[in-house]
Each structure stands twice: as structure tokens, then as C-alpha cells.
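The values are calculated or read from the model by the stated rules, or taken from the named source; none is laboratory data. Please read these numbers as outputs of a predicted model, since none were measured by experiment. For neighbour counting, all protein chains shown are included, and Cβ atoms are generated from backbone atoms with ideal geometry for every residue, glycine included. Accessible surface is based on the protein model in full, side chains and every heavy atom, while ligands, DNA and RNA are left aside. Shrake-Rupley method; radii C 1.70, N 1.55, O 1.52, S 1.80 Å.
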Amino acid sequence: MATTLPTADDVQELHQFIQDRNEEEWQHARAAEDLPDAHFDSIRRLSNSNKLALAGTTAYLLATLSQGQTEQAARVWDYLTSCGEQWQEHPNWNNTWANPARSALRQP
């Protein structure tokens, strides 16, 4: 299997795409009128945690790319694209971010 490496721009664009989707989900949760405070707090903590994990993954991927660590960069790109797969039907989706192995798992 060929190793697929992203460009730094690919990484930055996917990072921003996922951040934007997270923000949309957060705004949707905040707009829910029947959401108990305890659930709202849980969603906020999950959102903050996800944002930090995304930022760390992106920074690490950019570092591995700049250091020429091909195998590690490909592995981290697989994780990052797996995160983005759930929004594949979004109009701003870019096929550069496709993860065929993860997409196949979602098929019925």
C-alpha cells in the first residue's frame, strides 16, 4: 500500500474544517432549549477536549512532516482524516481528506 502524505496546507485546511464543524456542533448544543445544565457542561468539556486534541495532533503532524518522518506522518494523517470522515457529506468537504479505509467501515 502506498504511503499518502499530506502537504502542510492539507493539514491546516483539514484542521480548520474540523474546528469549524466542532464550532457548529457547539452552537447547535447551545441553542437547545431543553438541554439540562449538567448535559450542557458535559458537551462543553468534550468540545474543549476535542479542540485541544485536534490542535495537538495537527501540530505533531506538521512537525513530523517538516522533519521528514514519513511513516509517522502517514500514521498521524490517518488519524486526522479519520476524525474528518464523519463530515464527508458536508458541502465544504475536500476529497483530499478522504480516508478510504475509514469510509469503508461506515458503509452498511
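Below is a table of values for the structure above.
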item: Proximal charge balance of residue 35 [Cβ under 12 Å; K/R count +1, D/E count -1]; result: -2
item: Förster radius 22 Å - calculated FRET efficiency between residue 40 and residue 75, Cβ distance, rounded to 0.05; result: 0.05
item: Amide proton proximity set for residue 5, modelled H, under 5 Å, gap of 5+; result: none
item: The chain, accessible area per residue, ligands and nucleic acids excluded (1.4 Å, Å²); result: 66
item: Selection from 54, 95, 5 lying farthest towards where the dipole of the chain points positive, charges on Cβ; result: 5
item: Residue 86/residue 66 FRET efficiency (R0 22 Å; Cβ-Cβ; nearest 0.05); result: 0.20
item: Carbon and sulfur %, accessible surface of the chain computed with the full protein complex present, 1.4 Å; result: 51
